[in-house]
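Contents: one structure, followed by commentary.
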Amino acid sequence: MSKEIKEIYFIIPAAGVGSRMGADVPKQYLEIAGETILTHTLKLFLSVPEISGGVVALSTEDTTPLKVHNDRLWQVEGGETRTDSVAAGLTYLANRFQQAGKSLADVWVAVHDAARPGLTSAELSQFLQSVIQDSPEGGAIMALPAQDTIKLVDDANNITKTLNRDQIWLAQTPQMAPLKLLLEATRKIMQDGANVTDEASVLEYNGYFPKVYRGYHHNFKITYPEDLRLMSLYFSEREKCE
């Protein structure tokens, strides 16, 4: 695959309700540093020069006005699952580029969780540049090497085995692949009804093996109330240093 590929688009699936947060609104609309989590995430991706544009997938029942307006940001209707929402974004981009006569193999897509606003523009930019430079055949993801001892447990929470943590990485996002590859792999997953939780799993199911790039501890996903408090503290400290 050519290393001259420069066009990168993003997809932010944001159609979920974040039930584990226990909030009155979907967690992407909770606020940190005066703006919603989703706003921070969208602004992050639109701020880096490597990004040509992107798609945010929202629920059909979502009536919250999107506070980010940009000619390079497009909105689609998300689905019941993350895979449904990502598929909607991929299909939108594919149709857009096919109408323009552009090869889908020459465009990379970065999928990122709406509830991961912690990356800086410089960190995101470095990751995107590294992936495009390497052009890994099976795609790429940001992840963290496990630091704690990893225990495998049974249904009764009894330890059955201690795993080698040197080979354990904790998946984060962004997760990237060429648009054509990810679209075909996602369609196969949906056709087979396979249960997956991220784009790396989609690619693995289709026989590809994404390359791992080291992520950041502050690139965690906001899932529980304590995560929101921790991310708020991180943003506060980051603002003091700017």
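The values are calculated or read from the model by the stated rules, or taken from the named source; none is laboratory data. Worth saying up front: this structure is predicted, and the values here are computed from it rather than measured. Don't worry about glycine lacking a Cβ; one is built from the backbone with ideal geometry, like all the others, and counts go over all protein chains shown.
Data for the structure
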{"quantity": "Count - residues of region 10-62 that are in contact with a Pro (Cβ under 6 Å, 6 or more places away or on another chain), crowded, with 19+ Cβ neighbours inside 10 Å and at pLDDT below 95", "calculated": "1"}
{"quantity": "So residue 162, is it surrounded by fewer than 14 Cβ atoms within 10 Å (Cβ to Cβ) and in contact (Cβ under 8 Å) with a residue 12 or more places away in the chain", "calculated": "yes"}
{"quantity": "Some residue of region 90-109 being part of a helix (DSSP H, G or I), under 26 Å from residue 235 (Cβ atoms) and touching a strand residue (DSSP E or B) at 6+ places or on another chain (Cβ under 8 Å)", "calculated": "no"}
{"quantity": "Matching residues in region 205-234 - criterion: being surrounded by 16 or more Cβ atoms within 10 Å (Cβ to Cβ) and among the β-branched types (Val, Ile, Thr)", "calculated": "212, 222"}
{"quantity": "Residue that is farthest from residue 173 (Cα to Cα), among those in region 42-75 that are polar (S, T, N, Q) and not in a loop (DSSP other than H, G, I, E, B)", "calculated": "75"}
{"quantity": "Yes/no for residue 140 being free of Cβ contacts under 8 Å to residues at least 24 places away in the same chain and crowded, with 20+ Cβ neighbours inside 10 Å", "calculated": "no"}
{"quantity": "Strands (runs of 3 or more DSSP E) contained in region 139-242 and holding at least 3 residues among the hydroxyl-bearing types (Ser, Thr, Tyr)", "calculated": "none"}
